Amino acid sequence: MDALTVPEYNLLPVYAAGPAIGPVRLGASYVSASRATRVGGDLYMAVPSPYGVRLVIADVQGKGLGTIRCAAVVPAAFRESGPEAEELAEVGSRIESALNRSTDGQRFVNGILAQIGPAGQFLAFNHGHPAPLLRTADGGIRFVEPDEPVPPFGLTGPAGSGNPRNSVTRLTLQPGDRLFLYTDGLSGARDGDGRFYPVDERAGPLLGESTPEEALRHVHADVAAFTGAQPDDDSALLLVEFAPRAVP
């Protein structure tokens with residue numbers, strides 16, 4: 001991770017083998033479109049809990065100081081509730097409540113709230129966010145599309161989404177499987193002809209490289225080669241490997 005561009009609340013615990021929590025190894029990266037600031041509207045965080053490793057990655061819609069303030073509310077609420085809430089949906093409810101209390105109500109947050117259990121049980125709520133990309137240990141690549149997306153944080157109540165607990169996405173990860181979570185600064189990157197970066201076709205094969213952090217370095221290099229320009233939007237990347245026997 002580039003210490004010059006990673007906001008403080010995005011830092012992950014680091015061990016000798018790299019960032020790791022419980023049964024997962026992690027690679028993470030944050031790139032700001034503005035060289036003048038190290039904090040933008042994209043964020044990620046991972047915390048341990050009695051129920052598994054919990055993750056959030058999100059993108060606050062909008063610009064300016066209000067966006068940065070909103071981007072700080074989400075990880076603060078996640079840090080407080082993620083380690084202790086019995087159900088993942090409760091974590092989402094607390095994030096929603098924190099946004100309602102602390103912001104002007106004019107911004108919403110696209111994000112994914114996820115949990116990986118000790119046996120590889122993955123469950124997630126997709127709040128209007130780009131679908132994660134799964135690279136299995138045998139090289140298979142596919143998007144993990146939600147059966148029923150949940151409205152973005154900040155819009156769950158007004159949108160009348162019903163009970164988000166009914167919209168959870170589930171799958172079982174095998175040792176060596178990797179999940180790639182990213183904000184739309186990556187999927188929205190364009191080349192000189194206006195074509196969007198094909199995440200599955202180009203990033204997918206690179207996700208198996210060495211460590212998760214090394215794989216993300218290859219992805220960044222590939223995006224730069226594809227666009228041929230400096231990024232015009234912030235991007236947060238999180239690569240999670242289920243490695244129950246490799247992480248102390």
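The values are calculated or read from the model by the stated rules, or taken from the named source; none is laboratory data. Because the structure is a prediction, the values reported are computed rather than measured. All Cβ positions, even for glycine, are placed from backbone atoms using ideal geometry, and neighbour counts span all protein chains on display.
Whenever a residue of the stretch 221-248 is more than 30 Å from LEU123 (Cβ to Cβ) and in a loop (DSSP other than H, G, I, E, B), its partners that are among the β-branched types (Val, Ile, Thr) and at pLDDT below 95, lying with C-beta atoms within less than 9 angstrom and at least six residues away or across chains, give the pairs PRO231/VAL31; PRO231/VAL223. Being among the hydrophobic types (A, V, I, L, M, F, W, C), modelled with pLDDT of 85 or more and in a loop (DSSP other than H, G, I, E, B) is the requirement here; does ALA98 meet it? Judged against the criteria, ALA98 is not a match. If the condition is being at pLDDT 90 or above and either β-branched (Val, Ile, Thr) or loosely packed, with under 13 Cβ neighbours inside 10 Å (or both), then the stretch 143-161 contributes VAL144, GLU145.
Just one residue in the set ALA46, ALA77 is at pLDDT 90 or above, out of contact with any strand residue (DSSP E or B) (no Cβ under 9 Å at 6 or more places or on another chain) and buried (at least 22 other Cβ atoms within 10 Å of the Cβ); that residue is ALA77.
Every test in (1) modelled with pLDDT of 90 or more; (2) closer than 21 Å to ILE112 by Cβ; (3) surrounded by fewer than 22 Cβ atoms within 10 Å (Cβ to Cβ) is passed by ARG217 save one, and that test is (2).
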